[in-house]
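Taking it in order: structure first as structure tokens, then the write-up.
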Amino acid sequence: MHLTVWTYEGPPHVGAMRVATAMRDLHYVLHAPQGDTYADLLFTMIERIPRRPPVTYTTFQARDLGSDTATLFKDSVQAAYERFKPKAMIVGASCTAELIQDDPGGLAEALELPIPVVPLELPAYQRKENWGAAETFYHLVRALAGPQAPPPGQQRERSPDATPRCNILGPTALGFRHRDDVREVVAMLQELGVAINVVAPLDAAPEHLARLGEADFNVVLYPEIADTAARWLKRTFGQPMTSVVPIGVNATCDFIREVAALAELDAQPMLERHQSRLPWYSRSIDSTYLTGKRVFVFGDATHVLAAAKVARDELGFEVVGLGTYSREFAREVRALAKDMGLEALITDDYLEVEQRVTELQPELVLGTQMERHIAKRLGIACAVISSPIHVQDFPAAHSPQMGFEGANVLFDTWVHPLMMGLEEHLLGMFREDFEFNETAAPSHLGRYGGPSAVDSPEPAAPAALPVEPVPAGAPSWTPDAERALGQIPFFVRGKARRNTESFARDQGVSTITVETLYDAKAHFSR
């Protein structure tokens with residue numbers, strides 16, 4: 001253990017809080033000192049949920065350590081039950097309370113409450129937040145769905161005429177776009193003809209978890225959270241689980257095919273109906289300019305694995321760095337990095353990430369809020385793709401990462417930070433123009449930088465643009481090159497002609513072809 005200013009994940013009890021806060025009618029009693037209540041702010045200030053998390057802290061103080069902290073915990077559990085009337089409870093200790101070695105599970109059991117009480121043992125000094133969320137969800141599923149498990153060797157029979165049903169597993173509170181992703185995936189599944197049995201833990205109540213075994217299969221949206229529970233459901237109820245996370249156009253199509261196979265449905269009609277704008281935008285002229293941009297990708301495993309594939313296969317970027325802080329999924333990230341000819345960076349030390357970014361000098365960083373700060377300091381464009389996140393990563397608008405609409409969001413959020421590069425490219429071309437030179441004030445600052453529309457109610461007639469004489473001995477243009485020049489927007493066409501002819505003269509080229517035109521464009525774009 002070492003002290004650090006930033007951390008990618010909190011202690012495991014924060015993961016348990018993410019599950020408890022996502023659910024309804026579930027309460028978490030956390031044996032914790034007074035200072036550990038800071039975690040409430042993650043949900044109320046960053047995610048902006050309109051209520052406090054359903055957590056009761058024992059808030060013991062230093063003077064309590066010499067007395068009976070076990071009684072303090074039991075009193076807190078009893079008071080929380082009587083006040084909030086939950087349908088189930090989870091109990092555990094924070095990293096600090098772990099040191100006093102009380103037994104929250106045994107103490108709560110001794111109260112004999114008339115509701116399920118699930119004890120959590122989350123080793124705070126060996127594990128982190130996502131593992132804590134996965135372990136909490138797994139124990140809740142096992143405790144609440146377990147009593148409905150069929151005898152060993154017996155499988156639930158499904159009528160061939162029944163509508164296929166699935167569970168959606170993994171979304172929690174404080175997750176990166178989890179709520180928007182669920183809305184998008186639910187709509188896709190329903191359009192395909194699959195009914196939703198339970199979405200959990202987000203918005204699920206304890207009685208919903210008890211019905212998990214009634215589904216035909218499970219959709220695992222976030223393996224960091226749901227993989228352990230889904231594997232237990234597969235062993236106990238014989239429910240298969242999905243392996244594709246639908247982030248990006250290719251993965252969304254693969255996800256639909258995988259779900260259709262599990263549900264014994266035809267995916268083709270739905271695939272033919274839906275199209276994302278991402279593929280066409282990626283092939284458009286402006287996006288072609290972006291092809292080959294060097295990208296560094298870092299975050300949790302789910303989003304890193306998906307983002308690297310989208311960046312390489314769908315946007316034409318060159319992935320030059322790839323890594324994750326999710327050590328539980330290091331094997332999968334290393335395999336993808338090897339496929340891309342890279343060495344994966346597996347670390348939870350942001351200083352190592354900063355050093356790798358500095359060494360690689362990418363043109364775009366896809367990362368967490370930590371990488372956003374690193375990229376900002378280094379002057380590199382950045383888009384946030386993963387937790388840890390901040391308040392701006394919970395937009396008011398619907399902004400999924402998954403599905404076809406999610407692919408559109410990916411294009412916008414990843415490409416827009418690079419658009420400033422395009423603008424600088426144009427600024428370079430217009431640097432000598434009378435209207436766009438470096439000393440001209442921005443048009444929206446006309447009042448301060450020059451005469452504004454208000455100051456000049458009678459707009460002056462536009463001045464005729466000077467006609468630049470064709471110098472003697474100018475290179476000639478082939479018809480194909482003239483046609484290509486004609487496709488350039490009119491307001492930069494003259495500049496492009498002059499730059500190309502200047503480039504041709506410098507290179508000793510007497511006849512300008514299409515290739516010369518593009519060589520000149522590349523030369524002046526540097």
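Structural remarks
- When the C-alpha to C-alpha distance is required to be over 32 Å, the pairs from Lys309/Lys521; Lys234/Lys338; Lys128/Lys309; Lys128/Lys293; Lys87/Lys234 that qualify are Lys128/Lys293.
- Virtual spin-label span in nm between Ala335 and Gln487, 7 Å along Cα→Cβ: 4.2 nm
- Expressed as a whole percent, the accessible area of the stretch 134-247 that falls on carbon and sulfur atoms is 47 (1.4 Å probe).
- A Förster radius of 51 Å combined with the Cβ-Cβ distance from Gln154 to Trp6 puts the calculated FRET efficiency at roughly 0.50.
- A 1.4 Å probe run over the stretch 67-118, with the rest of the protein chains in place, finds 51 Å² accessible per residue.
- Averaged over residues, the count of other Cβ atoms within 10 Å places the peptides 226-233, 205-212 in the sequence 226-233, 205-212, highest first.
- Extension gain for Thr71-Gln34 works out to 11.7 nm (0.36 nm per residue, less the C-alpha to C-alpha distance).
- Ordered by 1.4 Å accessible area with all protein chains kept, Glu191, Glu9 run largest first as Glu191, Glu9.
- For the pair Asp266 and Glu352, label points projected 7 Å from Cα toward Cβ lie 5.1 nm apart.
- Once the Cα atoms are used to define both axes, helix 369-378 deviates from the longest principal axis of the chain by about 30 degrees.
- Take the Cα radius of gyration of the stretch 126-232 and divide it by 2.2 N^0.38 Å, N being the number of residues; the result is 1.08.
- Rounded FRET efficiency, nearest 0.05, which uses the C-beta distance separating Ile115 from Val514 and R0 of 56 Å: 0.15
- Degrees between helix 514-525 axis and first principal axis of the chain (Cα, 0 to 90, nearest 10): 60 degrees
- The residue list Pro479, Asn130, Cys382 was ranked by how far each Cα lies along the charge dipole of the chain toward its positive end, using unit charges on Cβ atoms, and Pro479 comes out on top.
- Tyr125, Tyr8, ranked by accessible area, largest first (probe 1.4 Å): Tyr125, Tyr8
- Dipole magnitude of the chain about its Cα centre (Cβ charges: Lys, Arg +1; Asp, Glu -1), debye to nearest 20: 280 debye
- Rounded to 10°, Cα long-axis angle of helix 178-192 versus longest principal axis of the chain: 90 degrees
- Residues Met340, Met270, sorted by accessible area with the largest first, give Met340, Met270 [1.4 Å probe; ligands and nucleic acids excluded].
- Working from label points 7 Å from Cα in the Cα-to-Cβ sense, the Asp161 to Gln190 distance is 2.5 nm.
- Summary of the geometry: the stretch 89-106 and the stretch 278-337, compared by the centres of their Cα atoms, lie 41 Å apart.
- Per residue, the accessible area of the stretch 158-313 comes to 39 Å², computed with a 1.4 Å probe over protein heavy atoms only.
- The candidate values were (i) 47, 28, 20; (ii) 39, 25, 23; (iii) 55, 28, 21; the one computed from these coordinates for semi-axes √(5λ) of the Cα gyration tensor in Å carries the label (iii).
- Cα pair distances exceeding 28 angstrom across the stretch 241-398, given as percent: 25 percent
- Heavy atoms of His390: accessible area, 1.4 Å probe, square angstrom to 10: 90 Å²
The values are calculated or read from the model by the stated rules, or taken from the named source; none is laboratory data. Keep in mind it's a predicted model, so treat the numbers as computed, not measured. FYI the Cβ positions are ideal-geometry reconstructions off the backbone, even for glycines, and counts take in every protein chain you see. Surface accessibility is based on the protein's heavy atoms, side chains included, excluding ligands, DNA and RNA. Shrake-Rupley method; radii C 1.70, N 1.55, O 1.52, S 1.80 Å.
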